[in-house]
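**Q** Quick one: the structure is below, and I'll ask about it shortly.
The values are calculated or read from the model by the stated rules, or taken from the named source; none is laboratory data. For clarity, every value in this text was computed on a predicted model and none was experimentally measured. Cβ atoms come from the backbone with ideal geometry, glycine included; neighbour counts cover every protein chain shown.
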């Protein structure tokens, strides 16, 4: 799935705000071996690494476009590589910190994915992640509704993406079952204020709409026009207050 870093960064402040909350849960220790899954354009990976003295940080992402933007943020102890979360979950060396910011909601089957990722955390290490949990908001439900309508259903070949994100209780249970302690799991609203609902459409264009627009190609603007109009019907007036919900998860392997 190709990503457009410029579109994604139109709302960089809104996308990076939760980083501070999730990064605050990382226990700072000297010489940590850490990995950032879905590092994107790399500036937050570097920011986290700079807070961890003498750490070695690996940023993994499956988007060459994102990694091209990440390259300038590399330094001694911080490197970026092309790789998928699924390949990482398949097994390998363990880490003192497995970190992820706004990535794991793209990966299916969390009841299997999370135990596999937790297995990559060594004894005494931390698992600290943040991911959107906004799939019940009208701004995301409308995407599915439109995708199921003609002509988009035919143009998309029947493709519809449903969120794999679980209730927060399930994540706490998965960490406990894997032998983790000091478990923290909570949801938080990160509000956005847009001049009109078109601002919400631009925000989702860089995230939840990406797999649809990729498949639609030149017909993607038809989808965007339908989506903008439907949003105006539901989120009218000015300004528009957009509530964006995220899940933050942290735990330490006993």
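**Q** Determine the pairs where a residue that is farther than 22 Å from residue 189 by Cβ, located within segment 21-35, has a partner that is modelled with pLDDT of 95 or more and loosely packed, with under 15 Cβ neighbours inside 10 Å with Cβ atoms under 6 Å apart, the partner being 6 or more residues away or on another chain.
**A** Every condition considered, the pairs that remain are 30/53; 30/54; 31/54.
**Q** Next question, about the same structure. Does residue 59 meet the test of being part of a loop (DSSP other than H, G, I, E, B) and under 29 Å from residue 162 (Cβ atoms)?
**A** Spelling it out, it is not the case that residue 59 is part of a loop (DSSP other than H, G, I, E, B) and under 29 Å from residue 162 (Cβ atoms).
**Q** Given the condition part of a helix (DSSP H, G or I), modelled with pLDDT under 95 and over 28 Å from residue 109 (Cβ atoms), answer yes or no: does some residue in segment 232-245 qualify?
**A** For segment 232-245, residues part of a helix (DSSP H, G or I), modelled with pLDDT under 95 and over 28 Å from residue 109 (Cβ atoms): absent.
**Q** Quick test of your reading of the structure: residue 135 fulfils all but one of (1) over 17 Å from the mean Cα position of the chain (by Cα); (2) part of a loop (DSSP other than H, G, I, E, B); (3) farther than 17 Å from residue 35 by Cβ. Name the failing condition by number.
**A** That leaves (1) as the condition not met.
**Q** Another question about this same structure. List the pairs whose first member sits in segment 64-77 and is more than 16 Å from residue 36 (Cβ to Cβ), whose second member is at pLDDT 95 or above and assigned to a strand (DSSP E or B), and whose Cβ atoms are under 9 Å apart, counting only residues at least 6 apart or on separate chains?
**A** 64/82
**Q** Another question, if that's okay. Going by the conditions given, is residue 219 more than 14 Å from residue 146 (Cα to Cα) and at pLDDT 95 or above?
**A** no
**Q** Here is a check on your reading of the model: is residue 123 within 29 Å of residue 28 (Cα to Cα), in a helix (DSSP H, G or I) and in contact with a strand residue (DSSP E or B) (Cβ under 7 Å, 6 or more places away or on another chain)?
**A** no
**Q** Are any residues in segment 163-189 within 15 Å of residue 135 (Cβ to Cβ), in a strand (DSSP E or B) and in contact with a helix residue (DSSP H, G or I) (Cβ under 7 Å, 6 or more places away or on another chain), and if so, which ones?
**A** Passing the criteria: only 187.
**Q** Which condition from (1) surrounded by fewer than 18 Cβ atoms within 10 Å (Cβ to Cβ); (2) modelled with pLDDT of 95 or more; (3) more than 30 Å from residue 29 (Cβ to Cβ); (4) touching a strand residue (DSSP E or B) at 6+ places or on another chain (Cβ under 9 Å) is the one that residue 153 breaks?
**A** (4)
**Q** Test residue 86 against the criterion of being at pLDDT 95 or above, out of contact with any helix residue (DSSP H, G or I) (no Cβ under 7 Å at 6 or more places or on another chain), over 25 Å from residue 17 (Cα atoms) and exposed (fewer than 15 other Cβ atoms within 10 Å of the Cβ), and give yes or no.
**A** Taking the combined requirement at face value, the residue satisfies it.
**Q** Quick check on this structure: which one of 48, 25, 67 is surrounded by 17 or more Cβ atoms within 10 Å (Cβ to Cβ), touching a strand residue (DSSP E or B) at 6+ places or on another chain (Cβ under 9 Å), outside any helix (DSSP H, G or I) and at pLDDT 95 or above?
**A** Selected residue: 25, the only one of 48, 25, 67 that is surrounded by 17 or more Cβ atoms within 10 Å (Cβ to Cβ), touching a strand residue (DSSP E or B) at 6+ places or on another chain (Cβ under 9 Å), outside any helix (DSSP H, G or I) and at pLDDT 95 or above.
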